[in-house]
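Since every read-out is calculated from the coordinates, none of them should be taken as a lab result. Since we're looking at a predicted model, the values are computed, not measured. Ideal geometry is used to build each Cβ from the backbone, glycine not excepted, and the neighbour counts take in all protein chains shown.
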């Protein structure tokens, strides 16, 4: 009913299949339809918005309409503030200043400013300045503090250089030491009253800037520019709208007043009820357009003011000359009059300017006289003067209802005059009173946005005559506004920056440009569409919108492009809204109602694409799947799939916020889970993941593996329900304290950020497969994989079918029947890895091997020594590796190891991606990064985070007040570090890390015979001894791991009376554990067994030469080097990169568990795997503390630990220990009895073998 109410004014159209045939010839070649923006300072979108200045009323500017005031300023410590109109002001443009006088002779006094309704305070560099006149000796203090509690977040001292009768500028930088919990903060300048030598001081042009876009001085606010940049605008109309005309003929927007130093800019009497600073002047606009890559549409004042005043014909020449001067300033040579002014301001090169707009909406002001004079003499005279330099075009503005936008679809089909749609937006609902009421909708709404889409499609059909379309207004400050319909809403707090429903539609349209529109059969309504080609990508593009279908039914579409063959794949992106068409993106809730669904569609044997589009939806189909990406959003795709409701996120741009809500149905989350941990592997851009999921689901259904995974999925679903219940309960509480605690931790973490190093992650491309292909080059175009029962890797040809590492071989065969399986040859792979490592050592001798085919390097020193950039060095290394080994590698370059690893996956295969060592760039990068891309976040944690609204790392901050309560301390700290993009910068050989455990395990066919199980245990012990010898260590805790035939994993451990490593000891101590399991589970049936030693003791030989003060030999130095310890508790340490998956989501690397798959799968009888857990093995069993006296592990209980220390320090204990050292330990039983009896020495009690000695005591020997 709500949809019918919204769309009722248009007759509904019957829904039937729409057959669309797109011709390959006869189209209109265009310059590419421009999607753009207009800026005028309305809704405080300039001052207090796009213009990054934080201080409101910084120069006390005034005009006839707006007198000078102290708005925004408050005294500090009783100072007396007043406006002062000095005979010698700061400048002719800035005639008023702030006078500050003390009310007492001592103490700090001054003034504060609350900014544009708040100041966002972060640990970042703020650049400030102020002018002072008066005699003062001492320091000024510039500070940022809470407006609620007074807590100071940062300050800096500025030495006074002030003089009695002269204005002196003072510059400073300020870096807060912590993030403020909210934006309710103030900026203050104070000074010591005792240092005054005059009665008071005068201040003016008090300024404070945060980091700006592109680092421009006097530049733009970062988060707002990035949001604008995100919808890919290519045209910029300035200065926009009514601001150009001014209220009267003496108060129009004078571009000359906006040039030069800030102290020479008088400001502008704004037309939207506030004075403007002119800080955002013509030069700033031009630089902004340059930085954003936008073409210019320049509007010039044409002699008509908003009050209806019209300039007579005999007085118009001054404005024509002014317009010509402005054009010369922009595009004239540097030796021209105004070109020289531009060059003096730092921009000798002219800007490109092709379009000049004369006036603005001259049909409105002073009607009908304004419009009559425009046609009669004003426009012709301007046209004659400037048309030789710039082409002419009509400017069309419309603010209206969705129905009217739909009626606009064919408006320009027969219009021959070039036009630009200079301003447009849906503002009123259908059936409303429109401009008569003057009441706009509170925010852009979904139904209105779809109406805009229909009109945009109609305009783009005529892109050979329509230059482009411009949304207006573009920005709205939620604290003071006059116009509610804008593309973005914002406040002082960047968390409030909200992309409207229209933003998502304009972004989708702009991201897929058409350079040649192609003829289609004209069958429009309820489906409206345009089709064409993109010469740059050589792809075909189809854009469509469904508006008001019968009974809101889906519209089936059959789309055929002339020349597109059968089997062609295309990316289909569909935007949909909520059931309520009046749904909005409300900045006060932060909920995005626009859903983005991306699927891969394939043309049938006739070359036809078939799909359906819902009512009130907007869609783009692109056969190349290419998009325009902004500099800050260029990322490779994350695999996207909608599998009966389980949504993955397609790209790390803004649409990551738009996951489709899960549909109802059995096993939907399980199907997604079955896709495995390697879903994000490179090379699967066009894979139909829903098909892959169905194959895995059907192949495994009914197996023990499936039943186990189903049970795990149910458990996870229950856990998520508990999380959501707790979340709902928490949201009813005041969590301000949690937010502050999180912000405090963030500030502490931020202080540890190291941007001095360039870390590289090198990753070989499909390494095993690449090595095999060297021996068998005929496999280049053949889909093949290395592995048997489970794929170790596969080449990129196979990945296009959906095959990937960790997948069961027989499942991969079902997905790709032509898949060739090759048995692994680890000796060959190891040899090739050594060749690559020899090359890496030239760039960083202390590089760190993360696995056989990947490594971390710190190339900071190498780059400095060779005068190279990191990008040049990495390219050189990659070229050298390929030349010498014939293996291609991909690389990520960043400030730390975590970021480098993420980046290395962006341009795979055989590419590199570099993330600048810049905090703002890193924060932007992490903001849009799906959480799953972070090493340490797997499918389980990803799903939990999604359920509470966290899909990207940027979302983490918005939910920071909930994280500790919902996920625990360690996950909370880890996630905040992810949000900040922090990671380790210490790179060192893997062998230097402190080894936490050594283990080995193997999989086999189901085994239940007790003799066979003991034999398998013996064999495992022998394998572990080999590993322990290689690692040169013994273990004091022994862990047995088994996996039942039901895929349930059990672990048991025992604390040993002595450190062991030999197979006999390993077997004898583990056998009772196995026997106990056999008692607990009669007829136990296993499919995996493993042993692991923890609490390791080194067996390396001591450095005897060093004992006598001699220099150690190189060989001894290598063997006696003490490992550098890294604490797992350190939040941003690299341990999270290794342990994060165990800590937070044990499955992310779980190829072993996930796809050993089904009990009938083909695999070696003994698939042996050695655990390479050199770092970060987090124990899930009971915690122990090491005694500093005897070195033995003790239970993690403070009282018992202190008791043990007292005992250890007892002389009698030492004597007893020496005496016990001469006795032998009781024999260890070979097998445990199978019948129960009273516990005696030698039997296990609560995980310890009592008869094997007290695990808390260590035997001591002397002499």
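How far apart, in nm, are two points set 7 Å out from the Cα along the Cα-to-Cβ line at residue 864 and at residue 344?
4.4 nm
Once you keep just the Cα pairs under 8 angstrom separated by 6 or more residues, what percentage relative contact order results for the stretch 73-211?
Contact order relative to length: 34 percent.
Give me the distance between the Cα centres of the stretch 18-51 and the stretch 1004-1067, rounded to whole Å.
So the separation of the two Cα centres works out to 66 Å.
Could you list the residues of the stretch 982-1023 with an amide nitrogen less than 11 Å from a label point located 7 Å from the Cα of residue 837 in the Cα-to-C-beta direction?
Answer for the stretch 982-1023: 989-991.
So how do 231-239, 911-919 stack up, highest first, on mean other-Cβ count within 10 Å?
The densest-packed peptide leads the list: 231-239, 911-919.
Arrange 33, 209 by Cβ neighbour counts within 10 Å, fewest through most, would you?
If I rank by nearby Cβ atoms, fewest first, I get 209, 33.
If packing is taken as the average number of other Cβ atoms within 10 Å across a peptide's residues, how do 64-75, 969-980 rank, most packed first?
969-980, 64-75
Ranking request for peptides 812-825, 944-957: highest mean number of other beta-carbon atoms within 10 Å first, then the rest in descending order.
Per-residue mean Cβ counts within 10 Å order the peptides as 944-957, 812-825.
Which FRET efficiency, nearest 0.05, do residue 879 and residue 825 yield, Cβ-Cβ r, R0 25 Å?
The value I calculate is 0.40.
Please report 253, 351 as a ranked list, fewest other C-beta atoms within 10 angstrom at the top and most at the bottom.
351, 253
Using R₀ = 45 Å, calculate the FRET efficiency as 1/(1 + (r/R₀)^6) where r is the Cβ-Cβ separation of residue 1085 and residue 727; round to 0.05.
With R0 = 45 Å, the Cβ-Cβ based efficiency is 0.65.
Can you sort 485, 723 so the residue with the fewest Cβ neighbours within 10 Å comes first?
Final ranking by Cβ density, sparse to dense: 723, 485.
Could you work out how far apart the two model spin labels at residue 551 and residue 125 are, taking each label as a point 7 Å from the Cα in the direction of the beta carbon, and quote it in nm?
With each label placed 7 Å out from Cα toward Cβ, I get 6.5 nm.
On alpha-carbon atoms, Rg over Rh for the stretch 452-580 using Kirkwood Rh?
Taking Rg over the Kirkwood Rh, I get 1.02.
Taking the simple approach of a point 7 Å from Cα along Cα-to-Cβ for both residue 579 and residue 363, what is their distance in nm?
Label at residue 579, label at residue 363, 4.2 nm between them.
Report the extension gain between residue 152 and residue 624 in nm, rounded to one decimal, defined as 0.36 nm multiplied by the number of residues separating them, less their alpha carbon distance.
164.6 nm
How much FRET efficiency would the formula 1/(1 + (r/R0)^6) give for residue 248 and residue 86, where r is the Cβ-Cβ distance and R0 is 25 Å, rounded to 0.05?
The computed FRET efficiency comes out at 0.30.
Which value results for Rg/Rh of the stretch 73-211 when Rg is the Cα radius of gyration and Rh the Kirkwood radius based on the inverse mean 1/r?
Taking Rg over the Kirkwood Rh, I get 0.96.
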